[in-house]
Structures are given as C-alpha cells and as structure tokens.
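Below is one structure; the comments refer to it alone.
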Amino acid sequence: MELQNFFRETGSLGRFKAHLRENILGSPKELMKLSVPSLVYAVQNNMAFLALSNLDAAVYQVTYQLKIPCTALCTVLMLNRTLSKLQWISVFMLCGGVTLVQWKPAEATKVVVEQNPLLGFGAIAIAVLCSGFAGVYFEKVLKSSDTSLWVRNIQMYLSGIVVTLVGVYLSDGVEIKEKGFFYGYTYYVWFVIFLASVGGLYTSVVVKYTDNIMKGFSAAAAIVLSTIASVMLFGLQITLTFALGTLLVCVSIYLYGLPRQDTTSIQQGEIASKERGVTGV
C-alpha cells in the first residue's frame, strides 16, 4: 500500500528521481535525523558481536532478551504511551518464552577462548539499550510526519551505508585493497543479503502500522516457527524447554493482544452520579 502510494505520487522515473532528490539531497536535516538510528544500530551490532565473543552462547541468549522489556520501557518514556499491567506481564512472559525456545545446554569445546565476562556484560547492556532506543526513535520519526515510509528507509539506509563503510575500511581496509570489496561473495551470500533487506523493509512496515513491542512479538513468533520448520525439515528434536517456551510465547501474544478495558464510560457514570447527588442535596 505504501509502495503503491509512493509510485502514485511520483508517476514516472523523472518524478521519482526528483522526489528522491527533494527528500534526500534537499532535506539535510531529515537525513541527519535518520542518521541517529543508523549510527545506534551500527553500535548495537558491534556490541552484540563483542558480547558474544566474551560470553557463553547460553548466557548471551538469555541476557540479550532484555531488549524486549527495554523496548517497552523506551516506548513508554519516548512516545508517552501507557501499558496495562497485563501487557507488562505479557512482555516479560515473552522474554522468558524466547529465552527457553533458544536455550541450548552448554557444550564443552576443545578450543579454549579467553573471555572477559565483565566486558561481555557491559557490551550486551549497551546493545540492549541501543536496540530499544533505535527502534522506538525510528518509530517516532515515522509516525511524526507524512513522509513516505520508503523515503524514510532510503534516508536511514544511506546513513547506515556510510557508517558501516567507515567501520569496514577501518577494520579490514588492507584486505579490501588487496582482494577487493566483494571478495568471497557467493550466490548464497547475495541471497542472504536480499532476505535481510526485504526483512528490514517489512520490519519498517510493522513499526509504521503497529509498534516496536509488536515487532518483538512477531520476531518471537518467527523464532518459534523457524524452529518448528527445523524439526520438520532437519529432524531437530523438541525438548521440554522448547515446548514450555513455545507455550509462554503463544500465551504472551494472546494476553498482549487483549483489548484494554475502556474506563471512560465508567468515569462518566461516576461523575454523573456525583452531580445528581450534589443536585439532590
């Protein structure tokens, strides 16, 4: 729908280019505004990698799920929204369910890797905060103007490309000069990049029409469905923790989607009864 509206506004290739030029080159403030989540997402990805390098996989999976309640907290603080007690319970229930679904017993390895748990926990705390802030910030920008969703995505991705290119050349600049930027890119790599790009676009659509908390619930449902697909396709064995985690995820999604009680009519009724009481006196 958004894509149809975008092409309806532009109409032709010339108008399409003019539209992009106006909203990108002609709007440096908007471009800078969208560079904030790009930079924060880049920090988040690097912190997640650093945390995984210094923590056991099981510990990383558990602690990284704190991004779900962190996103809910950022939504309340930055967007001035309120969540009912039942919705808060469902958020933490979802956090526990995803943890159980992804839980795997730690296996001993022959490779000894020197790790710094303190550095790992610090990195994952930063990653969790970045995840919540960047997602809610992007949602706020999307819903605070009538600018097309696709223009907003282009604005953010352009900033992200610049930020990540700087990081790539700082870390692997020598190898890129020797072997080229696309060295090692196979058809599978390009296919994964395509899937990630499409997933990013649809994530923006979800944020545009719902919110980041619902995005977390949909991501949790995707984890459960992908694991079930692994059972059917690759013979993965279902454990008790997976079954319990799946149950928690399903229940949390149901509880979060329940309609909140409308207290407006109750309050109006109470006010009316008080007025009648005062009049009678």
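Under a crude label model (7 Å from the Cα following the beta-carbon direction), how far is Leu77 from Thr210 in nanometres?
A separation of 2.4 nm, rounded to one decimal place.
Quick one: net charge around Ser27, please, counting Lys, Arg +1 and Asp, Glu -1 for every other residue with C-beta under 13 Å from its C-beta.
On the way: positive: Arg21, Lys29, Lys33, Arg152; negative: Glu22, Glu30.
Here the count lands on +2.
Between segment 26-69 and segment 169-200, what is the separation of their alpha carbon centroids in Å?
Going from one Cα centre to the other spans 20 Å.
Which residues in segment 149-187 place their backbone N less than 19 Å from a point set 7 Å from the Cα of Ser53 along the Cα-to-Cβ direction?
Once the point is set 7 Å along Cα→Cβ of Ser53, 164-176 turn out to lie under 19 Å by backbone N, inside segment 149-187.
On the full set of protein chains, 1.4 Å probe, figure out the accessible area of Trp150 and give it in Å² to the nearest 10.
The accessible area of Trp150 comes to roughly 50 Å².
Determine, from the Cβ-Cβ distance of Val198 and Asp146 and an R0 of 30 Å, the FRET efficiency 1/(1 + (r/R0)^6), rounded to the nearest 0.05. Walk me through the numbers on the way to the answer.
Values: r = 25 Å, r/R0 = 0.82.
About 0.75, to the nearest 0.05.
Need the full-extension length gain, Thr186 to Phe234, defined as separation in residues times 0.36 nm minus the C-alpha distance. One decimal, nm.
Values: separation 48, 0.36 × 48 = 17.28 nm, distance 2.37 nm.
That pair, Thr186 and Phe234, stretches by 14.9 nm at full extension.
When all protein chains stay in place, what accessible area (Å², nearest 10, 1.4 Å probe) is found for Lys140?
Answer for Lys140: close to 100 Å² accessible.
On a 1.4 Å probe surface of the protein chains, which of Val174, Val136 comes out largest in accessible area, and what is the full order?
Values: Val174 105, Val136 0 Å².
The most accessible residue leads, giving Val174, Val136.
Could you please put Met78, Met32 in sequence from largest to smallest accessible area, using a 1.4 Å probe? Don't skip to the end; give the middle numbers.
On the way: Met78 45, Met32 130 Å².
Descending order: Met32, Met78.
Sticking to Cα atoms, compute the Rg of segment 198-241 to one decimal and its Dmax as the biggest Cα-Cα distance, whole number, in Å.
Rg and Dmax of segment 198-241, Cα atoms, are 13.5, 37 Å.
So how compact is segment 26-96: Cα radius of gyration and Dmax in angstrom?
Over segment 26-96's Cα set, Rg and Dmax evaluate to 15.9, 47 Å.
Note the full-extension length gain between Ser27 and Leu225 as 0.36 nm times their separation in residues minus their Cα-Cα distance, in nm to one decimal. Walk me through the numbers before you get to the answer.
Details: separation 198, 0.36 × 198 = 71.28 nm, distance 4.11 nm.
67.2 nm is the gain from fully extending Ser27 to Leu225.
Rank Glu30, Glu175, Glu114 by accessible area, highest first, at a 1.4 Å probe radius?
Values: Glu30 50, Glu175 105, Glu114 175 Å².
The residues order as Glu114, Glu175, Glu30, largest area first.
The values are calculated or read from the model by the stated rules, or taken from the named source; none is laboratory data. On a predicted model such as this, the values are computed, not experimentally measured, just so you know. Backbone-built Cβ (ideal geometry, glycine too); neighbour counts: all protein chains shown. Heads up: the accessible areas ignore ligands, DNA and RNA and are worked out on the full protein's heavy atoms, side chains in. Shrake-Rupley method; radii C 1.70, N 1.55, O 1.52, S 1.80 Å.
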